[in-house]
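Shown below is the structure under consideration.
Each value in this text was obtained by applying a stated rule to the coordinates, not by laboratory testing. Because the structure is predicted, anything quoted here is derived from the model rather than measured. A quick note on method: Cβ atoms are made from the backbone with ideal geometry, for glycine too, and the neighbour counts reach across all protein chains shown.
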Amino acid sequence: MTQPPQPDSVQPNPEKAREDRAREALGWLHTARFLTTAAQLNQLPDHAYPEIAFVGRSNAGKSTAINTLTQQNQLAYASKRPGRTQHINLFALGRQGQTDAVLTDLPGYGYAAVPKDDKRRWQQVMANYLVHRENLAGVVMMCDPRHGLKELDEILLEVIRPRVEEGMDFLILLTKADKLTRSDQAKALSIAKLQAGGGEVKLFSALKRQGLEDAALWLRELVESHVPHPAPTDESSEPPPEQTP
Ligand SMILES: Nc1nc2c(ncn2[C@@H]2O[C@H](COP(=O)(O)OP(=O)(O)OP(=O)(O)O)[C@@H](O)[C@H]2O)c(=O)[nH]1
Ligand SMILES: [Mg+2]
């Protein structure tokens, strides 16, 4: 006679667990709200939360990715016209009005129609941000796989290399994957992995919502790995009381 299954014989279902985690991560991302906008680094507010920046060439799909990940159509400005994002825009994340992380939408680079001086000024602002922003915990580089990683992307990778070596998280999202066939997607993925020197690379399509869960999980796990201490509140910078078991 076969025994009925015992509770402790229930096999864990990794797929279901991942789905649950992804749902939780997307719910968390949906809490995103506009925090502030700044033209340069010294105008950004100091805060204690991990910040994750979306970088990439103009028109790569940074703002659209932020809107798709947060499931808010008009949070970040997205447009067919390259150069739409012209400031550093910060968005706060966290449930119940509490902040536990910040997303940064950065203006894209490589847009030919931008005057030379503006380009230089902007590249300086971005390099400053990527090198000096203290609580920068992760960088998501958006790259259109039809063009591949370009010279400016490579320069940016060099700029953040020391921080990545110190442990900063880094992800390349190959955007607009819907414009590639399956086999071209696979090729683009292998090439970008080589170029990223072993860094993480994922396919992403805002249009088809491809890679959405992967990206959401990556962001969530990054933030969870950075929250060992409760963040100080605005009212008091005193350390929190010791937890008793
Ligand atoms: N087919 C397709 N189009 C996309 C996707 N993501 C973005 N786009 C389109 O690409 C264009 C640029 O998108 P944005 O999100 O504004 O790009 P950005 O990187 O923020 O651009 P800048 O702000 O200029 O740096 C828009 O017309 C989007 O609709 C995608 O996954 N698939
Ligand atoms: Mg933008």
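Compare the Cα positions of LEU41, ASN128, LEU189 along the charge dipole of the chain (+1 at Cβ of Lys, Arg; -1 at Cβ of Asp, Glu; about the Cα centre) and return the one farthest towards the positive end.
LEU189
Gaussian network model of the chain, Cα springs within a sub-10 Å range: biggest mean-square fluctuation belongs to which of PRO107, PRO50, PRO14?
PRO14
Ok, one more. Share of antiparallel DSSP beta bridges in the chain, in percent to the nearest 5?
Beta bridges within the chain, antiparallel portion: roughly 35 percent.
Taking the chain as a Gaussian network, where each spring joins two C-alpha atoms under 10 Å apart, which residue of THR68, THR104, THR37 fluctuates the most?
Of the options given, THR37 has the highest mean-square fluctuation.
Hey, any idea what the orientation-averaged projected area of the convex hull of the chain's Cα atoms comes to, in nm²?
Working: hull surface 73.7 nm².
For the Cα atoms of the chain, the hull's average projected area reads 18.4 nm².
Top mean-square fluctuation among ARG182, ARG23, ARG163, Gaussian network model of the chain, C-alpha springs under 10 Å?
ARG182
Under a plain spin-label model, where a point goes 7 Å from the Cα along Cα-to-Cβ, how far apart in nm are GLU221 and GLU158?
Spacing of the two 7 Å Cα→Cβ label points: 3.1 nm.
If you don't mind, another one. Figure the gain on full extension for GLN11 and GLU151 (residue separation times 0.36 nm, minus the Cα-Cα span) and round it to one decimal in nm.
Details: separation 140, 0.36 × 140 = 50.40 nm, distance 4.88 nm.
Gain on extension, GLN11 to GLU151, equals 45.5 nm.
While we're looking at this one, here's another question. Go through LYS116/LYS208; LYS119/LYS208; LYS80/LYS150 and tell me which ones have a Cα-Cα distance over 28 Å in this structure.
Cα-Cα > 28 Å for LYS116/LYS208; LYS119/LYS208; rest within.
Label points 7 Å out from Cα along the Cβ direction at LEU194 and ARG95: separation in nm?
4.4 nm
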